[in-house]
């Protein structure tokens, strides 16, 4: 089997890691995916990276088409950037204004029993005022540079994720191909047995009619008998269902071979889900029309194979 046959078949379950050092520090990314009918992104990042959240989710959505994605990002800054600095001029300005306010209160009629000089100033509260804490050098850098590092790290992590998912997906695709071949063999058997249904019905009808004729001494023309057989044949004919089921099998094989769409990276899980639904519909119709026990046995085997395919397809991206 060509190892590239299933290059676009990926499991929805996997994980990937990546880190990217730079002048701004080191970005660490961990991404995990599990099964989900659509795309869902759960992002965990530092508050300092909150400005990039929408771009991070858009990037993940463009690279992962289906599944629940847990994406964690951390940022280890350079040592010089880890301790925030205090703007002494701004802090002294706040202190002067507070001192002036305290002296003004002491001189005014609002002064209480004391003169106001015993009022304490909390430096921790002053640090929360605008401009007191200077942003780290990294925070002051151009966001475009930081985003470039984040983007590269996310893409590397997802590339590692997809490598793991593709490896598992190739094994799943092998199993899917085997199940499709199994269904194809049963379909061929049903197609060979189909004419026997009409012949068996004709024999049963002739036997029943002959018995009734002998009992009631009435006559039925051969034409009427053949007309009844033809009505049954038309009603129980499932040749179209056989043809469509074969077409669905070929389409499934085409998707598994990577030729089911123009875009080689197109996700296959949802497409195969729709094909499986159609396969089951055609199989149910065959089962309802066929009155032959051997055909019914093949229909049961096909349904079992379709169910196994359905369970696998639910785990594909």
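Report the extension gain between residue 192 and residue 174 in nm, rounded to one decimal, defined as 0.36 nm multiplied by the number of residues separating them, less their alpha carbon distance.
The span from residue 192 to residue 174 would gain 3.7 nm if fully extended.
Treat the count of other C-beta atoms within 10 Å as a stand-in for reagent exposure and order 47, 87 from fewest to most.
47, 87
Obtain the nm distance between the two label points defined at residue 310 and residue 28 by a simple spin-label model: each point lies 7 Å from its Cα along the Cα-to-C-beta direction.
That separation, rounded to one decimal, is 4.4 nm.
Can you give the extra length, in nm with one decimal, that the chain gains between residue 85 and residue 58 once fully stretched, where that is 0.36 nm per residue apart less the Cα-Cα distance?
Result for the pair: 6.3 nm of gain on full extension.
Every number here is computed from the coordinates shown, using simple stated rules; none is lab data. What you are looking at is a predicted structure, and each value in this text was computed from that prediction instead of being measured. Positions of Cβ are generated from backbone atoms using ideal geometry, with glycine treated the same way; all protein chains shown enter the neighbour counts.
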